[in-house]
Structures are given as structure tokens and as C-alpha cells.
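Peer 1: Handing you a structure now.
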Amino acid sequence: MTSSRGVGACQSLPRGSNAMADAPNIPLSLAYGLWSDRELVPNWMPWITSVKVLKETPEFSEWTLKYTAFGRDLEFSWLSKQLTPIVNQKIQWRSVDGVPNRGAVRFFPRGPNGCKVEMTLTYQCPDILVPVMASLSPLVENIIQADMDRFVDYATKVKDTQSVRIM
């Protein structure tokens, strides 16, 4: 398994990816609440194998990504700082150690009971993946879009579970 933590492991130019999820039956506040709980993220992003919020400094979290690509088991980690959120509108972060990345999740109302969720991610490709960088961006785009689709499924299950408890 190849593992990377240090900033020196990423020398490529930044890459970007965007994905959008239409969630017409998911209340915006629920979508925002799920994304706000960073430790829940692996439920809809299976390549993120763990997120641990630091108890002493909860704006920081440790992230681990594991993925098999191009015949190799890859593992990368980073320390992320959550930037000041705008409640029910935007969550944003940047890495402060490990794989350089930054991103945001934006929430838009869609009708009285739904929302749209947009994720933007900018990252630097770890050196081990530089030779295949041309094929990496479409792969990441597809993975993130699938993650957003899984998020809608996860949020729907959470909403349905909450509805059952209320009845």
C-alpha cells in the first residue's frame, strides 16, 4: 500500500472538480446538518475511510482516503480546518497538513421542502499519480458525482427515519 501524509508528496498543479445533487425532498436544514457532521461523510463517500474531529480543536479534523486505482492500493491523509460556515448556505475547508486540498459545499433552497447541494473541490495530485493525471480529473469528477448521489440516498433514509420517529 502506498501512503502519503506530507505536503512534499504533492507537487502537481491544483485540479478542480464540481458536483451537484438535486434533493427535492430533503429539507435544506437536514442536508446542511448532515454535511456539518464531518464524521458522517464516509457514509456517502466510501473512499473517505475515516474522519475524526479533534476534540481539543473541533474546527480541525483528520481525514483518511483509501482507494484502489491503476492496480495499486493507495492511502492518503490530511488535516483539515473547517473555515467559518454560513449556516444553511455554505461549509468550507482547507487542508493544513498532508494532501493539499480545499473545498466548499453550498446549499440552495429548492421549493418549500427541498434543496440543491453543490460541492467544489480543489486538490493537488499526489506525486505517485502524476503519470496518470490526465485520466485522474474525469475519474475524480465521476467519483464525486456518485458521492453526491449517495448523499441524497443517505439523507432520504435519515429523513424517513426521522419521520417514523415523529409519527
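Peer 1: Taking a probe of 1.4 Å, how large is the accessible area per residue of region 25-101, in Å²? Could the numbers behind the result be given before it?
Peer 2: Working: 3860 Å² over 77 residues.
Ligands and nucleic acids excluded, the figure is 50 Å² per residue.
Peer 1: Under a 5 Å amide H to amide H cut-off, with H placed in plane at 1.01 Å, what residues pair with ARG110 once short-range neighbours are removed?
Peer 2: So ARG110 has HN proximity to CYS115, LYS116.
Peer 1: Cβ neighbours within 10 Å, averaged per peptide: list 142-155, 69-82 in order, most packed at the top.
Peer 2: Averaged packing, sorted descending, gives the order 142-155, 69-82.
Peer 1: Which shape class, rounded, prolate or oblate, goes with region 15-149 when its Cα gyration tensor gives a ≥ b ≥ c as root eigenvalues, a/c under 1.5 marks rounded, and past that a/b bigger than b/c marks prolate? Write out the running numbers ahead of the final one.
Peer 2: On the way: a/c = 2.04, a/b = 1.38, b/c = 1.48.
Oblate, since a/c reaches 1.5 and b/c is not below a/b.
Peer 1: Using the Cβ atoms and a cut-off under 13 Å, what net charge is assigned to the surroundings of SER61, where Lys and Arg are +1 and Asp and Glu are -1? Display every interim value, and only then the final one.
Peer 2: Numbers: positive: ARG38, LYS52, LYS55, LYS81, ARG94; negative: ASP37, GLU39, GLU56, GLU59, GLU62, ASP97.
Net charge in that neighbourhood comes out at -1.
Peer 1: A further question on this structure: Modelling each spin label as a point 7 Å along the Cα-to-Cβ direction, I'd like the ASP97/GLU59 distance in nm, to one decimal.
Peer 2: Here the answer is 1.7 nm between the modelled labels.
Peer 1: Count charges around LYS90 for me, please; just the other residues with Cβ under 10 Å from its Cβ, Lys/Arg as +1, Asp/Glu as -1.
Peer 2: 0
Peer 1: Tally Lys/Arg at +1 and Asp/Glu at -1 over every other residue whose Cβ is under 14 Å from the Cβ of PHE108; what's the total?
Peer 2: Values: positive: LYS90, ARG106, ARG110, LYS116; negative: ASP22, GLU118.
Surrounding charge for PHE108 is +2.
Peer 1: At 7 Å along the Cα-to-beta-carbon direction for both GLN82 and THR122, put a label point, then send me their distance in nm to one decimal.
Peer 2: The answer from the label model is 2.2 nm.
Peer 1: Here's a follow-up. Work out, step by step, the length gained on full extension between GLN145 and SER50: first 0.36 nm times the residue separation, then minus their alpha carbon distance; give nm to one decimal.
Peer 2: 32.3 nm
The values are calculated or read from the model by the stated rules, or taken from the named source; none is laboratory data. This structure is a prediction, so every number in the text was calculated from the model and none was measured. Neighbour counts run over all protein chains shown; Cβ positions are idealised from the backbone, glycine included. To get the accessible areas, we keep the full protein, side chains included, count just its heavy atoms, and leave off ligands, DNA and RNA. Shrake-Rupley method; radii C 1.70, N 1.55, O 1.52, S 1.80 Å.
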